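Read through the structure below, which is laid out as structure tokens, and then see the notes.
The values are calculated or read from the model by the stated rules, or taken from the named source; none is laboratory data. Note that the structure is predicted; figures quoted are calculated from it, not measured. Methodologically, a virtual Cβ is constructed for each residue, glycine included, from the backbone with ideal geometry; neighbour enumeration extends over all protein chains shown.
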Amino acid sequence: MAALLAVVPGAAPAAQAATHWKAILLAGDNSAPVFDNATRELARLLEERGVEVVATFTADPAKVSETVRLATHEELRRLPGRVTIAEGDGCLFFATSHGTRQGLQLAADPAMSVLSPSALKRILADTCATAPTVLVISACHSGTFIRRETREPNLVILTAASERRMSFGCRPERRFTYYDGCVLAELPKGGTWEALHARLRTCVETKEASSKERPSNPQAYFGRDVKDLPLPTAG
């Protein structure tokens with residue numbers, strides 16, 4: 001008699017568990033330390049889980065180095081020449097900044113201060129091609145990145161807020177924004193990206209309720225090819 005297998009909600013399919021993740025991390029504003037704090041801490045957390053951080057961007061010129069680029073359209077458009085995504089790789093793009101309904105703030109870009117959903121889609125397509133790709137946008141109004149024209153079958157999109165709502169916690173005295181703090185707390189618990197989104201909503205709602213903020217309503221999209229895509233886990 002065949003053994004019965006217990007199915008755990010949010011568990012990752014074994015076939016996808018071997019994904020080798022490569023991460024691109026972007027802090028788009030330097031008006032408060034929370035954004036660079038998040039990319040720095042997330043890099044550490046991801047590397048503990050075998051993720052290769054292949055590019056980091058900052059809006060603070062003082063933090064630019066051989067491994068950290070200035071967060072501008074010009075530098076982002078150079079990603080396809082600097083990052084190689086091979087078969088078996090997964091592509092993770094995490095960005096945290098201020099945001100508007102037009103897109104993500106790039107405070108250090110003198111030519112174009114907002115990264116639009118269409119511009120980011122082109123950058124992701126050129127860099128990640130058809131690899132399993134996860135886009136995490138942490139900003140006010142970040143739900144604007146989930147549109148009919150940005151949805152692809154290989155793409156997961158997680159956003160800190162709906163298009164019409166603000167997200168919270170970017171005050172200078174804080175270490176992380178609400179959403180970024182929740183990402184850092186919930187990602188190590190494992191499961192799938194879809195399970196992570198559910199936990200993030202609960203985490204953010206709890207923080208907002210305690211401070212009596214209007215709900216930011218985090219959003220998500222899961223393409224048909226990546227609905228059960230697993231999170232990177234510690235080796």
Notebook entry, point to check: What pairs can you find where one residue is in region 208-224 and surrounded by 17 or more Cβ atoms within 10 Å (Cβ to Cβ), the other is among the polar types (S, T, N, Q) and not in a loop (DSSP other than H, G, I, E, B), and their Cβ atoms are less than 6 Å apart, with a gap of 6+ or different chains?
Noted result: GLN219/THR159
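Anything in region 37-73 that is among the acidic types (Asp, Glu) and assigned to a loop (DSSP other than H, G, I, E, B)? List them, or say none. Break it down stepwise before answering.
Residues of region 37-73 among the acidic types (Asp, Glu): 41, 47-48, 52, 60, 66.
Once the filter is applied, which keeps residues that are among the acidic types (Asp, Glu) and assigned to a loop (DSSP other than H, G, I, E, B), region 37-73 yields ASP60, GLU66.
Among residues belonging to region 100-119 that are among the small types (Gly, Ala, Ser) and out of contact with any strand residue (DSSP E or B) (no Cβ under 6 Å at 6 or more places or on another chain), point out the one that is modelled with the lowest pLDDT. If you could, list the steps in order and put the result at the bottom.
Step one: filter region 100-119 for residues among the small types (Gly, Ala, Ser), giving 103, 107-108, 111, 113, 116, 118-119.
If we keep only those that are out of contact with any strand residue (DSSP E or B) (no Cβ under 6 Å at 6 or more places or on another chain) too, we end up with 107, 111, 113, 118-119.
On the way: ALA107: 97, ALA111: 88, SER113: 95, SER118: 97, ALA119: 97.
Per the stated criteria, the residue is ALA111.
Would you pick out the residues in region 156-195 that are surrounded by fewer than 23 Cβ atoms within 10 Å (Cβ to Cβ), of a type in the set (A, V, I, L, M, F, W, C) and modelled with pLDDT of 95 or more?
Filtering region 156-195 for residues surrounded by fewer than 23 Cβ atoms within 10 Å (Cβ to Cβ) gives 162-166, 168, 171-176, 181, 184-192, 194-195.
Remaining after also requiring of a type in the set (A, V, I, L, M, F, W, C): 166, 168, 176, 184-185, 187, 195.
Answer for region 156-195, where residues must be surrounded by fewer than 23 Cβ atoms within 10 Å (Cβ to Cβ), of a type in the set (A, V, I, L, M, F, W, C) and modelled with pLDDT of 95 or more: PHE176, LEU184, ALA185, LEU187, ALA195.
Out of curiosity, is THR100 closer than 18 Å to LEU26 by Cα and in contact with a helix residue (DSSP H, G or I) (Cβ under 6 Å, 6 or more places away or on another chain)?
Working: closer than 18 Å to LEU26 by Cα: yes; in contact with a helix residue (DSSP H, G or I) (Cβ under 6 Å, 6 or more places away or on another chain): no.
No.
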Margin query: Which residue is surrounded by the most Cβ atoms within 10 Å (Cβ to Cβ), if the candidates are limited to region 134-155 and must be more than 12 Å from ALA95 (Cα to Cα) and of a type in the set (S, T, N, Q)?
Written below: THR144
Notebook entry, point to check: Can you find a residue in region 64-73 that is on the phi < 0 side of the Ramachandran plot and touching a Pro at 6+ places or on another chain (Cβ under 6 Å)?
Noted result: no
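Answer with yes or no whether ARG77 is under 19 Å from ILE123 (Cα atoms), among the basic types (Lys, Arg) and touching a residue at least 40 places away in the same chain (Cβ under 8 Å). Write out each step before concluding.
On the way: under 19 Å from ILE123 (Cα atoms): yes; among the basic types (Lys, Arg): yes; touching a residue at least 40 places away in the same chain (Cβ under 8 Å): yes.
Criteria met by ARG77.
Restricting to region 180-200, name every residue that is in a helix (DSSP H, G or I) and farther than 22 Å from ALA27 by Cα. Step through it out loud before you land on a result.
Within region 180-200, the subset in a helix (DSSP H, G or I) is 180-189, 193-200.
LYS189, GLU194, ALA195, ALA198, ARG199, listed by residue number.
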Margin query: Suppose we filter region 127-149 for residues that are in contact (Cβ under 8 Å) with a residue 60 or more places away in the chain and in a helix (DSSP H, G or I); how many remain?
Written below: 3
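Conditions tested, residue by residue: (1) modelled with pLDDT of 95 or more; (2) outside any strand (DSSP E or B); (3) more than 25 Å from PRO132 (Cα to Cα).
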| position | (1), (2), (3) |
| --- | --- |
| ALA15 | no, yes, no |
| ALA18 | no, yes, no |
| ALA32 | no, yes, yes |
| GLU75 | yes, yes, no |
| GLY81 | yes, yes, no |
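For every residue, the table says whether it meets (1) more than 15 Å from LEU135 (Cα to Cα); (2) not acidic (Asp, Glu).
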{"residue": "SER167", "(1), (2)": "yes, yes"}
{"residue": "TYR178", "(1), (2)": "yes, yes"}
{"residue": "LEU184", "(1), (2)": "yes, yes"}
{"residue": "GLU194", "(1), (2)": "no, no"}
{"residue": "GLU205", "(1), (2)": "yes, no"}
{"residue": "SER211", "(1), (2)": "yes, yes"}
{"residue": "PRO218", "(1), (2)": "no, yes"}
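Here is a yes/no grid of residues against (1) at pLDDT 95 or above; (2) crowded, with 17+ Cβ neighbours inside 10 Å; (3) under 20 Å from PHE176 (Cα atoms):
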{"residue": "ALA2", "(1), (2), (3)": "no, no, no"}
{"residue": "ALA12", "(1), (2), (3)": "no, yes, no"}
{"residue": "ASP29", "(1), (2), (3)": "yes, yes, yes"}
{"residue": "LEU42", "(1), (2), (3)": "yes, yes, yes"}
{"residue": "GLY50", "(1), (2), (3)": "yes, no, no"}
{"residue": "THR58", "(1), (2), (3)": "yes, yes, yes"}
{"residue": "GLU66", "(1), (2), (3)": "no, no, no"}
{"residue": "GLY90", "(1), (2), (3)": "yes, yes, no"}
